[in-house]
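Working notes, structure below.
The values are calculated or read from the model by the stated rules, or taken from the named source; none is laboratory data. The shown structure was predicted, so the numbers you read here are calculated from the model rather than taken from an experiment. Here Cβ is always computed from backbone atoms with ideal geometry, including for glycine, and neighbour counts include all displayed protein chains. Accessible surface is based on the protein model in full, side chains and every heavy atom, while ligands, DNA and RNA are left aside. Shrake-Rupley method; radii C 1.70, N 1.55, O 1.52, S 1.80 Å.
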Amino acid sequence: MSNGKVDGVPSICYVCKENCGIVVKEGIHGVHISGNPLHPVSKGFLCIRGKNYGQLHTSPLRLQRPLLKKGSGWQELSYPDALALLAERLTNIKNKYGPESVVFYKGESLKHQETSLYLNHLAHGFGTPNYITVGSLCHFAMTLGFKLTCGGMPSADYSRIKSAIVWGANPAVSLTRSGIALKKAVKNGLKLVVVDPSFTRTAKFADHHLSISPGTDGFLALAFIKYAIFNNHVKASLKLEHGWNDLCEMVSGIPMDELLGPTGIHIDQFESAASLLFCNTPGWVQTGSGLELQPGGVQTVRAIASLFTILDPDAVTSPMAYKLNGLPGTELYPPMPDPIGKEQWPLFYSNLGQGQGMCLPQAILENKPYPIKAMVVIGGNPLMTFPDSLKYLKAFEKLEFMAVFDLFKTATARAADLILPGASFLENLELIDYGRGGKPYLGLIQPAVKSTNGWPTWKFIFRLAHTLGLGEFLPWQENEEAIRHRLGSGQISFDDLMASPSSIIEYSPGDPRSGAWNTPDGKIHYKSDLVAETGNPPLPVPESFSLPYGTDDTFPFWLSTGDRVLSYQHSQFRESPACRSMMPEPLLDIHPDTASGLGIDDGTRVELGTRHGTISIKVRLTSEVRLDSLRLTHGWIGANANELTGLDHLDELSGFPWMRAVPARIEKIEKMKTVDNMENNESLDNLEEG
Ligand SMILES: Nc1nc2c(c(=O)[nH]1)N[C@H]1C(S)=C(S)[C@@H](COP(=O)(O)OP(=O)(O)OC[C@H]3O[C@@H](n4cnc5c(=O)[nH]c(N)nc54)[C@H](O)[C@@H]3O)O[C@H]1N2
Ligand SMILES: Nc1nc2c(c(=O)[nH]1)N[C@H]1C(S)=C(S)[C@@H](COP(=O)(O)OP(=O)(O)OC[C@H]3O[C@@H](n4cnc5c(=O)[nH]c(N)nc54)[C@H](O)[C@@H]3O)O[C@H]1N2
Ligand code: SF4
Ligand SMILES: [Mo]
């Protein structure tokens with residue numbers, strides 16, 4: 001399949017949304033992945049996870065056959081038998097409880113492009129509105145905040161912008177390639193302010209690091225807006241936008257020290273960061289999960305989006321996307337009730353078109369608003385990545401049927417009745433549009449290695465549709481046929497993509513409506529009528545983003561759960577020896593001075609507790625975290641961050657859970673107690689088999 005220009009098969013890394021270009025070679029010593037220097041976006045870059053993905057592909061722990069739960073064990077099935085059983089169980093449940101009682105869930109590993117569309121289409125063809133994704137707790141609260149305010153999230157155009165704020169994000173780790181581009185831009189003169197409680201890898205190359213007190217970002221955004229108004233940094237045209245006067249009046253009515261006070265940022269440092277930003281416009285803002293995984297996340301982001309319009313009043317927020325043909329049969333969808341979560345979070349539904357996964361435990365355990373009885377999970381590990389893991393475990397155990405489609409026997413898979421092995425992305429064929437990331441390119445993930453017993457996602461979805469008698473919705477045998485249909489007779493053909501030595505081709509981005517905000521009326525909505533209709537404050541006022549409670553004597557620390565580390569992708573990559581060696585075990589980051597005050601050393605085992613639960617974990621000392629803060633990454637069986645997070649105080653506008661700025665406590669534990677804790681019955685660890 002090699003085309004002579006690169007030594008191997010050109011494809012695209014599918015681990016994270018950077019989608020770097022790769023070259024894959026399969027030999028007797030396994031799979032070798034290198035960066036593709038011909039790829040116009042990534043130019044040869046490859047991170048540690050991309051480089052070692054071959055270790056996941058060839059891992060002896062990969063699922064080989066479909067497995068059906070039988071008592072306390074598992075019975076192997078052939079794929080056709082497993083699929084027939086899956087279709088039969090889903091059909092029976094549909095007939096008994098209605099199609100809406102079946103949920104199709106898609107995790108982050110399968111991203112948000114073609115696979116999403118296929119699965120959504122299958123769900124709606126089946127008759128259930130409950131197509132739910134990881135968008136219930138990833139990215140979408142941010143998108144919603146920007147969309148409601150100024151039409152969309154901007155991407156960085158370093159040829160235009162002169163300054164940037166990285167806010168509650170750590171691209172140097174989470175978007176490695178973009179992080180490097182940002183660092184290079186800083187070297188070339190871009191002014192950078194990082195707002196983060198921790199002194200992150202990104203903060204290390206910033207002009208200013210504002211070490212904000214966790215959970216107070218909305219206050220800081222309003223402080224910047226107040227500064228801009230007072231110092232005449234607001235372009236006249238903005239004053240004609242919807243609700244400007246109200247916003248202006250609101251921030252003018254709050255004294256600066258009431259805005260800065262909660263943030264803990266000194267006025268001098270604030271003013272020097274503000275002056276750097278407003279003297280270097282246009283400016284760009286990159287937000288991250290540090291903001292959206294908190295109560296009031298959308299309103300915090302609305303305050304930041306409002307600030308963004310002042311920093312770049314000529315920004316373009318229209319999305320960029322390659323035009324593809326639709327899928328057949330959308331007119332054949334049966335009538336459907338509302339998905340779960342629509343009633344509580346109408347804006348989440350009207351903007352994303354999905355159910356909100358935070359409602360699953362209530363629907364399964366209490367039949368509210370109606371019973372959910374079956375679930376198909378593809379490419380996600382919600383028992384590790386959704387809040388209140390134990391509640392989800394209880395809910396999943398109550399389902400009449402659950403199937404998981406994955407590469408590994410994950411915590412979620414172990415809770416299922418049926419496990420179906422998936423192919424790695426090295427075996428997959430899939431179309432990728434880089435437009436969402438602001439780059440007009442269309443690319444193809446190509447099968448680059450021998451197939452294993454696992455099925456590619458498209459195959460699983462197409463065959464399931466067929467077995468369910470829903471073939472008219474996805475009438476193809478192979479994904480190539482589907483992709484050819486999607487591409488039609490447009491600018492780029494399937495054969496062009498296959499022949500490209502980078503597996504990607506540039507398209508003409510069309511003509512974005514320059515200067516226009518991508519809201520329904522083309523105006524900025526500092527004050528949002530849509531938000532008001534939900535009974536929430538139309539302006540991002542302090543009450544709309546203040547945390548329901550803070551730290552206290554019992555829970556004196558701010559805990560951030562889920563901060564990314566280079567070697568892992570959520571719960572993935574523990575099976576890669578190279579990645580595992582970079583961080584062999586779960587660690588809780590604590591400031592050395594805090595630790596010494598508590599009599600804790602590097603490596604001490606502590607009990608880490610929140611209002612929701614406790615885990616036992618080893619301490620790592622680092623002055624990157626604040627004296628009042630703690631930090632841990634998620635995805636560990638044995639120290640699951642989401643046994644510490646809860647389902648209460650979900651964000652009013654998006655339903656997103658509270659995973660950052662969580663009040664917490666730590667206590668040194670003795671050896672015996674550690675053992676007790678490990679054997680605690682109420683833990684997901686029990687799902688791990690010997
Ligand atoms: N290596 C790796 N990269 C990944 C992923 C991965 O699992 N591993 N996951 C990918 C996915 S799906 C996502 S969504 C992105 C997430 O990408 P990011 O949002 O860039 O990643 P995080 O590490 O979660 O960074 C959030 C930052 O928020 C900070 N923070 C915590 N609380 C607060 C607060 O109250 N205020 C402020 N201002 N900051 C706060 C944390 O200190 C942390 O530095 O990463 C993507 N990239
Ligand atoms: N406490 C806390 N929890 C969090 C977060 C946080 O910051 N803090 N972040 C949240 C965010 S932003 C996100 S995006 C979610 C991520 O949540 P998930 O989507 O659950 O993330 P992963 O753990 O990466 O699970 C992906 C699963 O897909 C499987 N997989 C990988 N590739 C393929 C494939 O090609 N085919 C199939 N069939 N399966 C595949 C992997 O083996 C893995 O089991 O976590 C959320 N949870
Ligand atoms: S940054 Fe790493 S994981 Fe993400 S696409 Fe690139 S190589 Fe893959
Ligand atoms: Mo995410």
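Working out 0.36 nm times the residue gap between Asn188 and Asn92, then minus their Cα-Cα distance, what length gain in nm do you get to one decimal?
28.3 nm
Between Pro440, Met402, Cys150, whose Cα lies farthest towards the positive end of the dipole of the chain when Lys and Arg beta carbons carry +1 and Asp and Glu beta carbons carry -1, centred on the Cα centre?
Pro440
Which value, in debye to the nearest 20, describes the size of the charge dipole of the chain about its Cα centre when Lys and Arg Cβ atoms bear +1, Asp and Glu Cβ atoms bear -1, and nothing else is charged?
Computed about the Cα centre, the dipole is about 1460 debye.
Shape verdict for region 8-165, please, from the Cα gyration tensor: rounded (a/c under 1.5), prolate (a/b greater than b/c) or oblate.
Oblate, because a/c is 1.5 or more while a/b does not exceed b/c.
Using a 1.4 Å probe, what is the accessible area per residue for the chain, in Å²? Each step should come with its number before you reach the end.
On the way: 26340 Å² over 690 residues.
Per-residue value: 38 Å².
Please sort 61-73, 378-390 by packing, taking for each peptide the average over its residues of neighbouring beta carbons within 10 angstrom, highest first.
Descending mean neighbour count gives 378-390, 61-73.
Could you give the nm distance between label points at Ala236 and Ala578, where each point is 7 Å from its Cα heading toward the beta carbon?
5.9
What number do you get for region 221-278 when its Cα radius of gyration is normalised by 2.2 N^0.38 Å, N = residues?
1.14
Using mean Cβ contacts within 10 Å as the protection proxy, how do 152-165, 97-110, 257-270 order, highest first?
97-110, 152-165, 257-270
Which percent, nearest 5, of DSSP beta bridges in the chain are antiparallel?
Beta bridges within the chain, antiparallel portion: roughly 50 percent.
Which log10 I(q)/I(0) values, to two decimals, does region 523-631 give at q = 0.12, 0.15, 0.17, 0.24 Å⁻¹ under the Debye formula with one point per Cα?
Log10 of I(q)/I(0), two decimals: -0.63, -0.80, -0.90, -1.35.
Just how many % of Cα pairs in region 2-72 lie over 18 Å apart, if you round to the nearest whole percent?
The share of Cα pairs beyond 18 Å in region 2-72 comes to 46 percent.
In whole Å, what is the distance between the alpha-carbon centres of region 70-87 and region 41-63?
When both Cα centres are located, 29 Å separates them.
Which value in Å does the Kirkwood hydrodynamic radius of region 541-593 take, with 1/r averaged over all unlike C-alpha pairs and then inverted?
14.4
Would you work out the Kirkwood radius for region 79-153? I mean one over the mean of 1/r across all pairs of different Cα atoms, in Å.
Kirkwood hydrodynamic radius for region 79-153: 14.2 Å.
Magnitude of the Cβ-charge dipole of region 409-450, K/R +1 and D/E -1, about the Cα centre, nearest 20 debye?
140
Could you work out the relative contact order of the chain, using alpha carbon pairs under 8 angstrom and six or more residues apart, expressed as a whole percent? Write down the numbers at each step before the final one.
On the way: 1484 pairs, mean separation 134.5, N = 690.
Once normalised by length, the contact order is 19 percent.
Once you have the alpha carbon radius of gyration of region 294-404, what is it after dividing by 2.2 N^0.38 Å, with N set to its residue count?
Numbers: Rg = 18.5 Å, N = 111, 2.2 N^0.38 = 13.2 Å.
Working it through for region 294-404, the quotient is 1.41.
Hey, got the dipole for region 133-242? About the Cα centre, +1 on K and R Cβ, -1 on D and E Cβ, debye to the nearest 20?
About 400 debye.
Which residue, Phe494, Phe219, Asn640, has the largest displacement toward the positive end of the dipole of the chain when charges sit on each Cβ (Lys, Arg +1; Asp, Glu -1)?
Phe494
Give the distance, in whole Å, between the Cα centre of region 212-275 and the Cα centre of region 619-645.
So the two Cα centres are separated by 31 Å.
With N set to the number of residues, divide the alpha-carbon radius of gyration of the chain by 2.2 N^0.38 Å and report two decimals. Can you show the working numbers first?
Values: Rg = 24.7 Å, N = 690, 2.2 N^0.38 = 26.4 Å.
The value comes to 0.94.
Please express the Cα-Cα pair-distance distribution P(r) of region 388-461 as a list of whole percents, one per 5 Å bin, running from 0 to the bin with the greatest distance.
Calculated over all Cα pairs of region 388-461, the distribution is 4, 14, 17, 15, 14, 13, 12, 9, 2, 0 percent.
Show me the ranking of peptides 221-228, 324-331 by mean Cβ neighbours inside 10 Å, starting with the highest.
Highest mean packing first, the order is 221-228, 324-331.
Could you work out how much longer the chain between Glu506 and Met256 gets when fully extended? Use 0.36 nm per residue separation minus the Cα distance between them, nm to one decimal. Please report the intermediate quantities before stating the final value.
Values: separation 250, 0.36 × 250 = 90.00 nm, distance 4.75 nm.
Working it through step by step, the gained length comes to 85.2 nm.
How large is the helix-only mean residue ellipticity at 222 nm for the chain, computed as the sum of -39500 (n - 2.57) over DSSP H runs with n ≥ 4, divided by its residue count, in deg cm²/dmol to the nearest 500?
Working: 26 runs with 215 residues, N = 690.
Using -39500 (n - 2.57) per qualifying helix, the result is -8500 deg cm²/dmol.
In whole percent, what relative contact order does region 261-373 give with Cα contacts below 8 Å and a gap of six or more residues? Present the calculation step by step, with values, prior to reporting the outcome.
Details: 55 pairs, mean separation 16.0, N = 113.
Relative contact order here is 14 percent.
Considering only DSSP beta bridges where both residues belong to region 337-460, give the percentage that are antiparallel (nearest 5).
Bridges in region 337-460 that DSSP calls antiparallel: roughly 30 percent.
Ignoring ligands, DNA and RNA, what percent of the accessible area of the chain is carbon or sulfur (1.4 Å)?
Here it works out to 51 percent.
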